[in-house]
Amino acid sequence: MATVLVTGSTTGLGAEAARLLAGRGHRVVWHARTAQRAAELPGSAETVVGDLASLAQTRDVAAQADKYGPFDAVIHNAGISEPGGRVLTEDGLEQTFQVNVLAPYVLTALIPLPRRLIYLTSGMADGGTIALDDLQRERRRWNATAAYCDSKLADLALAYAVARRLPRVVSTAVCPGWVRTRMGGSGAPTDVRTGAETQAWLAVSDDERALRTGGYWRHMRPLPALPGATDQRVQDGLIAACAELSGVPFPL
């Protein structure tokens, strides 16, 4: 039995991955953004609560998680895609970047390292750019879709950076496809179980493919690396920026 933390596990892909793992006999620690959402989970669910759009609450999520660990795997599933204008969090940071990129960085750095780390990205990462001098689109023209694409490419770069810099951890990334969730919409071609299966497999499987660090997966098949995320200079710059913005150093 493995112990797995799944962020953003009250709805969508995170909830399905958590259900798949629990249904197969693994111990799952769920994550909810608010106490109200946590109350909607099964009564027996072990849960951490906190809004990843807040650095203070993200740190608290890590502290709560530490009480349930050690973990065999952490699935960094939580993410947002918000239409409209550029929104700043209580920390003065752009919201999409903070939730989708900075929060998984902080949790990676603060939660004692598990054997496996899985980062959720998106096929839309193909259209992203990691502009180290403008990660939060302060100078570039604001576009919510472009900000989401940027964040998902950055998640892939984060997974690659962790794989390179922390060889004792199996670090992988997953593109779940276009999935019928609240974010993906009812017209998406992929059902939620198919979308969640790969990350659940990567978290616990003894298949030698699941134990190779630095992989990028979709529907149980490897994907080619995206050049925008493989540049080590970009990876190191992203890590350095996240460390500076959060005040949390990268783990050694």
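The values are calculated or read from the model by the stated rules, or taken from the named source; none is laboratory data. For clarity, every value in this text was computed on a predicted model and none was experimentally measured. Quick reminder, even Gly has a Cβ in these numbers, built from the backbone with ideal geometry, and neighbours come from all protein chains shown.
Of the residues that sit in the range 1-37 and are polar (S, T, N, Q) and modelled with pLDDT of 95 or more, which one is nearest to Phe71 (Cα to Cα)? Applying the filter and picking the extreme gives Thr3. Against the conditions (1) touching a helix residue (DSSP H, G or I) at 6+ places or on another chain (Cβ under 8 Å); (2) assigned to a loop (DSSP other than H, G, I, E, B), Asp134 satisfies every one except (1).
Within the range 208-225, residues that are surrounded by 14 or more Cβ atoms within 10 Å (Cβ to Cβ) reach partners that are aromatic (Phe, Trp, Tyr) and at pLDDT 95 or above with beta carbons closer than 8 Å, at six or more positions or on different chains, in the pairs Ala210/Trp201; Gly214/Tyr160; Met220/Trp201; Leu223/Tyr216; Leu223/Trp217; Ala225/Tyr160; Ala225/Tyr216. Within the range 76-94, residues that are among the acidic types (Asp, Glu) sit with their Cβ atoms under 8 Å from residues that are assigned to a loop (DSSP other than H, G, I, E, B), at 6+ positions apart or across chains, in these pairs: Glu90/Ala53; Glu90/Ser54; Asp91/Ser54; Glu94/Arg86; Glu94/Val87; Glu94/Gln136; Glu94/Arg137; Glu94/Glu138.
Within the set Thr198, Thr194, the sole residue that is at pLDDT below 95, over 21 Å from Ile111 (Cβ atoms) and in a helix (DSSP H, G or I) turns out to be Thr194. Tell me whether the range 221-240 contains one or more residues that are at pLDDT 95 or above, among the small types (Gly, Ala, Ser) and within 27 Å of Ala56 (Cα to Cα). Yes, that holds for at least one residue.
Restricted to the range 62-98, and to residues there that are among the hydroxyl-bearing types (Ser, Thr, Tyr) and either more than 16 Å from the chain's Cα centre (by Cα) or in a loop (DSSP other than H, G, I, E, B) (or both), the residue that is farthest from Ala109 (Cα to Cα) is Ser81.
Of all residues in the range 181-201, those that are farther than 12 Å from Leu21 by Cα and free of Cβ contacts under 8 Å to residues at least 60 places away in the same chain have Cβ atoms under 7 Å from Cβ atoms of residues that are part of a strand (DSSP E or B) and of a type outside the set (D, E, K, R), 6 or more apart or on another chain, in Ala188/Val179; Thr190/Val179.
Being outside any loop (DSSP other than H, G, I, E, B), closer than 22 Å to Val106 by Cα and in contact with a Ser or Thr (Cβ under 6 Å, 6 or more places away or on another chain), is that true of even one residue in the range 42-49? Before you say what the answer is, go through the steps one by one.
First pass over the range 42-49, keeping only residues outside any loop (DSSP other than H, G, I, E, B): 46-49.
Keeping just the survivors that are closer than 22 Å to Val106 by Cα gives 46-49.
Checking the rest, the ones that are also in contact with a Ser or Thr (Cβ under 6 Å, 6 or more places away or on another chain) come to none.
Checked against the condition, which is being outside any loop (DSSP other than H, G, I, E, B), closer than 22 Å to Val106 by Cα and in contact with a Ser or Thr (Cβ under 6 Å, 6 or more places away or on another chain), the range 42-49 yields no hits at all.
Determine, yes or no, whether Arg115 is without any contact (Cβ under 8 Å) to a residue 12 or more places away in the chain, out of contact with any Lys or Arg (no Cβ under 6 Å at 6 or more places or on another chain) and surrounded by fewer than 17 Cβ atoms within 10 Å (Cβ to Cβ). Steps first, please.
Values: without any contact (Cβ under 8 Å) to a residue 12 or more places away in the chain: no; out of contact with any Lys or Arg (no Cβ under 6 Å at 6 or more places or on another chain): yes; surrounded by fewer than 17 Cβ atoms within 10 Å (Cβ to Cβ): yes.
Taking the combined requirement at face value, the residue does not satisfy it.
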